[in-house]
Amino acid sequence: LAVVSGGGDLDGLRVVVSTGGTREPIDPVRFLGNRSSGRQGAAVALAAAERGADVELVAAHVDDGVLDAAAAHPRVRLTRASSAQELQEAVVTIAGESDVVVMAAAVADYRVAGTSDTKLSKKGDEGLSLDLVQNPDILAGLVEDRVPGQTIVGFAAETAPTEEELLSKGRAKRRRKGVDLLAVNEVGWDKGFESGENLLVFLDARDEEIARSHGSKRRVADALWDAVLTIRGSR
Ligand code: CTP
Ligand code: CA
């Protein structure tokens, strides 16, 4: 019963967390996807629930078992989405009622123009070009429609040769997105995605680094909520 009644430092907070990678259909059997496992977002959702928040978890495609713990928590409601457009619809529908929105999903920047209703067949020995169109920027839309008192958090997975460049890319993205908090992490072929450990640097709305956290995805998830509490408390 203790678990249902909360009693944590996020008690009563209504949060939306998106996670996983979107899939953009090419035809009925093929898609464009990405390597996001959904682990970090699932950890963010579970951490929030365990600290007392009411959590709406909107999950795109994730690795097997990643959602199990969060989905089993009584304060987490799970919604599934596949493409970027479906994810946007799911998030926007509930965002208006929430205090904090965390966009941890890896949203495809492009989708295939003119998806085929029938399975594409090879044509002779020619190559194939796909026309791509840009997907809506879900985060930018959330910021535009932000309700009073709402905190909007974005993630930025970047590749950069130095920490300096990583942070300057992060600051530029923070400004471009207009989010209240940006969690920046370095990714590479062997970093970030699919791994159990993560390093996040948190930039606030003045582009200041207010915290950083290194460790398990759960540990950095807790650091994210600490940072959210810090910025909500200081405005
Ligand atoms: N995001 C989103 N909608 C998109 C693309 C990204 O809401 N169509 C969100 C992601 O969930 C993440 C943040 O925006 O929280 C940053 O994503 P990222 O891919 O780093 O930013 P982009 O603006 O797409 O820039 P880039 O050209 O670097 O990919
Ligand atoms: Ca992108």
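Testing Ser116 on (1) out of contact with any strand residue (DSSP E or B) (no Cβ under 8 Å at 6 or more places or on another chain); (2) away from ligand 1 (no atom under 16 Å from the Cβ); (3) on the phi < 0 side of the Ramachandran plot, one condition comes back false. Which one is that?
If we test Ser116 against (1) out of contact with any strand residue (DSSP E or B) (no Cβ under 8 Å at 6 or more places or on another chain); (2) away from ligand 1 (no atom under 16 Å from the Cβ); (3) on the phi < 0 side of the Ramachandran plot, just (1) comes out false.
Could you pull out every one of the strands (runs of 3 or more DSSP E) wholly within segment 33-111 that has 1 or more residues that are within 11 Å of the chain's Cα centre (by Cα), in contact (Cβ under 8 Å) with a residue 40 or more places away in the chain and away from ligand 2 (no atom under 16 Å from the Cβ)?
54-59, 100-103
Within segment 120-235, considering only strands (runs of 3 or more DSSP E) that don't extend past its boundaries, which have at least 1 residues that are more than 16 Å from ligand 1 (Cβ to nearest atom) and not polar (S, T, N, Q)?
In segment 120-235, 197-204, 209-216 are the strands (runs of 3 or more DSSP E) which contain 1 or more residues that are more than 16 Å from ligand 1 (Cβ to nearest atom) and not polar (S, T, N, Q).
Quickly run through segment 180-191 and pick out the residues that are within 14 Å of ligand 2 (Cβ to nearest atom) and either closer than 17 Å to Ala140 by Cβ or at pLDDT below 95 (or both).
Correct list: Leu182, Asn185, Val187.
On the basis of being among the polar types (S, T, N, Q) and in contact with a helix residue (DSSP H, G or I) (Cβ under 9 Å, 6 or more places away or on another chain), does Thr79 make the cut?
yes
I need the full set of residues from segment 192-206 which are open to solvent by 60 Å² or more (accessible area, probe 1.4 Å) and at pLDDT below 80, in order please.
Of everything in segment 192-206, those that are open to solvent by 60 Å² or more (accessible area, probe 1.4 Å) and at pLDDT below 80 turn out to be Phe193, Glu194, Glu197.
Please state which one of Ala140, Ala90, Ala157 is at pLDDT below 95, closer than 23 Å to Gly21 by Cα, among the hydrophobic types (A, V, I, L, M, F, W, C) and surrounded by 13 or more Cβ atoms within 10 Å (Cβ to Cβ).
Going through Ala140, Ala90, Ala157 in turn, the sole match is Ala157.
Scanning for something closer than 19 Å to Ala42 by Cα, among the acidic types (Asp, Glu) and either touching a Ser or Thr at 6+ places or on another chain (Cβ under 9 Å) or surrounded by 16 or more Cβ atoms within 10 Å (Cβ to Cβ) (or both), does segment 64-84 turn up at least one residue?
Checking segment 64-84: not a single residue is closer than 19 Å to Ala42 by Cα, among the acidic types (Asp, Glu) and either touching a Ser or Thr at 6+ places or on another chain (Cβ under 9 Å) or surrounded by 16 or more Cβ atoms within 10 Å (Cβ to Cβ) (or both).
Quick test of your reading of the structure: Ala104 fulfils all but one of (1) within 13 Å of ligand 1 (Cβ to nearest atom); (2) open to solvent by 90 Å² or more (accessible area, probe 1.4 Å). Name the failing condition by number.
All conditions pass for Ala104, except number (2).
Criterion first (over 17 Å from Glu97 (Cα atoms) and not β-branched (Val, Ile, Thr)) does Gly21 satisfy it?
Here the answer is yes, as Gly21 does meet what is asked.
In segment 123-137, which residues are open to solvent by 20 Å² or more (accessible area, probe 1.4 Å) and either under 21 Å from Gly33 (Cα atoms) or within 16 Å of ligand 2 (Cβ to nearest atom) (or both)?
Selection gives Gly127, Leu128, Ser129, Leu130, Asp131, Leu132, Val133, Gln134, Pro136, Asp137.
Being out of contact with any Pro (no Cβ under 6 Å at 6 or more places or on another chain) and farther than 25 Å from Leu229 by Cα, is that true of even one residue in segment 4-20?
Checking segment 4-20: not a single residue is out of contact with any Pro (no Cβ under 6 Å at 6 or more places or on another chain) and farther than 25 Å from Leu229 by Cα.
The values are calculated or read from the model by the stated rules, or taken from the named source; none is laboratory data. All values derive from a computational prediction rather than experimental measurement. With ideal geometry, Cβ positions are generated from the backbone for all residues, glycine too; neighbour counts draw on all protein chains shown. With ligands, DNA and RNA removed, areas are computed over all heavy atoms of the protein, side chains included. Shrake-Rupley method; radii C 1.70, N 1.55, O 1.52, S 1.80 Å.
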